[in-house]
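Just below is one structure, and these are the notes that go with it.
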Amino acid sequence: MFYQKLLYRSMGDRSVIVELGDQISPEINRRVRQFAIALMEDPAEGLVEIIPTYRSLLIIYDPLKLNVVRLKNRIEDLQKQIEGIQIPEPKTVEIPVVYGGEYGPDLEWVARYHKISPEEVIQLHTGTTYQVYMIGFTPGHPYIAELPKALITPRRETPRTNVPHGSVAIAKNQTVIYPVESPGGLHILGRTPLKLFDPFQSPPTLLEMADWVRFLPIEEEEFKQWPR
Amino acid sequence: MATVETFEVVAPGLLTSVQDKGRFGYGRFGVAPSGALDSFSFRVANLLVGNPENEACLEITLMGLKLKALTVVAIAVTGADLQACSNDKPLDMWTSWILGKGDTVSFRGLKGGCRSYLAIGGGISLPEVMGSKSTNLSSKFGGLDGRPLQKGDILSSNSPYLHLKTGGSTFPQAWIPPYGKERHLRVILGPQDDQFTEKGKKTFLGSPYQVSPDSDRTGIRLTGPMIERRPEVSESIISEGVISGTIQVPGDGQPIIILVETVTGGYRKIATVITADLPLLGQVKPGDTVTFKQVSLDDAYEALREMEGRIKGFKEGISTLP
């Protein structure tokens, strides 16, 4: 639910978190993006960075150049006209995934947990259009939701220390893709040959907040021959 | 400007990386700022050798780096005292020091602090990646192809000879921060201090915490009395952005001070270290003790203006390059 009034949480002497609501929802997330785009289009002097997340924005500023009271006034002004702020439509991205086997070591476990076949898990995972709620954790790492109810799964009891890059994984009502090898506590269903982060491209990430995502099953051969 | 080879890496040491001020504006893509942890020492090192204050430097962790000068060059070493030597004789820190061709610089080991900064007159000639030369070690980009220095690397600088006249320039002794084993860090409570109990906040502000060995550029892990959160709140929160200096408390009640290699997190933050004390975080090492002191926003800005005043005063006092 949206808060009646924006909630400001100061983080130290040079940043503030602006909270818009109390839960993960597409509407709140969309509003976060509206704020982020509006603030970035007309950045105040001394604004260092804006990091939009599920239901809040982190605004980092140079306290010697930008007064926090002025910053809050600017946000309150935006809040009054936020409904009318036009933002570009998010793009739709199809993510090819080779499911199961060495690429998806947890596919069988997830199928057994839900008492369905691995094929049904794949059908459920590929049968939904998802929304990217935020990018974080590592460069280009998307938080994608919501999984179909029949796939909602608790996190792994023991996190893995090395999840290969490109791994597509699920836990709770979310699905993620690991851009770089990293530790991870989610169940790995498969792997994509796509590169999620390239520091030499602009934008540097395949996915951005609010993008629509669909997963497409591919064969191991296609994965191996995918141009990289 | 002429690019000249200035140094060969004879031994890379424990962890030496190229860092500048950091990479800003890419947090929304999950890209952390990286950058020199002790930004005060880093800026002074650059100013001493006549560089712009945000030029890339070497960040040297604990010990072991050895370089050989390939030409006559000005350097400045600031930050932690790692017993820097030139040709095996102690080298003056916080001073612009001129090396001749073939001279060596080595770091024998820790006397105080954790990280030294070595600036080269003329900087380090490397391309910027997303607006910065800083090395992002975990995602492997920036700096020297995203990796720490290794034996045989050659560093180049722009017009190093123009910087030789800074030789002998020294940063005032009285302005150098102390690097003892006990750190008193000034904090502002929040952003989620309301979700800890009064007892939890008292514990946090009243207890010494030990720096754990598994601390790195991502965070300083602390061990000490458990910080109690309110019974009605869950262990984690909906993930949100974080900045360096903010102190998160996971379910086990042991605080972690976030540093510069991460941009989001899903734990409550009880307090945040003030900007003026961030450079000290770069000089904290495993085994040290830290304590936290609550200050007001006005105190924080006064401390920041005081630190910037030292930089500005030094800038205006030294000769600038043509």
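The values are calculated or read from the model by the stated rules, or taken from the named source; none is laboratory data. Please read these numbers as outputs of a predicted model, since none were measured by experiment. Every residue, glycine as well, gets a Cβ built from its backbone with ideal geometry; the counts of neighbours run over all protein chains shown. Ligands, DNA and RNA are stripped out before the accessible areas are found, and what is left, the full protein with its side chains, is counted by its heavy atoms. Shrake-Rupley method; radii C 1.70, N 1.55, O 1.52, S 1.80 Å.
Here are the numbers for the structure shown:
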item: Residue that is most open to solvent (accessible area, probe 1.4 Å), among those in the stretch B:239-255 that are facing chain A (nearest Cβ under 7 Å) and on the phi < 0 side of the Ramachandran plot; result: B:S239
item: Residues satisfying the stated conditions in the stretch A:189-211, i.e. more than 18 Å from A:P52 (Cα to Cα), polar (S, T, N, Q) and either in contact with a strand residue (DSSP E or B) (Cβ under 9 Å, 6 or more places away or on another chain) or open to solvent by less than 20 Å² (accessible area, probe 1.4 Å) (or both); result: A:T192
item: Among residues of the stretch A:7-24, those that are in a loop (DSSP other than H, G, I, E, B) and either surrounded by fewer than 18 Cβ atoms within 10 Å (Cβ to Cβ) or not assigned by TED's automatic domain parsing to the domain that holds A:R55 (or both), counted; result: 2
item: Matching option when the condition is of a type in the set (F, W, Y) and over 30 Å from A:F35 (Cβ atoms), among B:F40, B:F24, B:F29; result: B:F40
item: Subset of the stretch B:268-317 [open to solvent by less than 60 Å² (accessible area, probe 1.4 Å), closer than 24 Å to B:S169 by Cβ and within 13 Å of chain A (Cβ to nearest Cβ)]; result: B:M307, B:E308, B:G309, B:I311
item: Failed item, numbered, when B:D214 is tested on (1) assigned to a helix (DSSP H, G or I); (2) more than 25 Å from A:L58 (Cβ to Cβ); (3) charged (D, E, K, R); result: (1)
item: Residue match in the stretch B:85-98 (condition: among the aliphatic types (A, V, I, L, M) and crowded, with 24+ Cβ neighbours inside 10 Å); result: no
item: Boolean, B:S39 is in contact with a helix residue (DSSP H, G or I) (Cβ under 8 Å, 6 or more places away or on another chain) and more than 18 Å from B:E128 (Cα to Cα); result: yes
item: Enumeration of residues in the stretch A:61-87 that are open to solvent by 80 Å² or more (accessible area, probe 1.4 Å) and under 24 Å from the mean Cα position of the chain (by Cα); result: A:E83, A:Q86
item: Enumerated strands (runs of 3 or more DSSP E) restricted to the stretch B:92-152, each holding at least 1 residues that are at positive phi; result: B:112-120
item: Pair list, Cβ < 6 Å and 6+ apart or interchain, from the stretch A:29-53 residues that are more than 23 Å from A:I144 (Cβ to Cβ) and within 11 Å of chain B (Cβ to nearest Cβ) to residues that are surrounded by fewer than 20 Cβ atoms within 10 Å (Cβ to Cβ) and not aliphatic (A, V, I, L, M); result: A:V48/A:D62; A:V48/B:F24; A:E49/B:F24; A:E49/B:G25
item: B:S157, sole failed condition from (1) outside any helix (DSSP H, G or I); (2) open to solvent by 80 Å² or more (accessible area, probe 1.4 Å); (3) more than 30 Å from A:M134 (Cα to Cα); (4) out of contact with any helix residue (DSSP H, G or I) (no Cβ under 6 Å at 6 or more places or on another chain); result: (2)
item: Residue within the stretch A:25-44 that is at positive phi and not assigned by TED's automatic domain parsing to the domain that holds A:D211 present; result: no
item: Residue match in the stretch B:213-234 (condition: within 14 Å of chain A (Cβ to nearest Cβ), touching a Pro at 6+ places or on another chain (Cβ under 9 Å), modelled with pLDDT of 95 or more and within 28 Å of A:I50 (Cα to Cα)); result: no
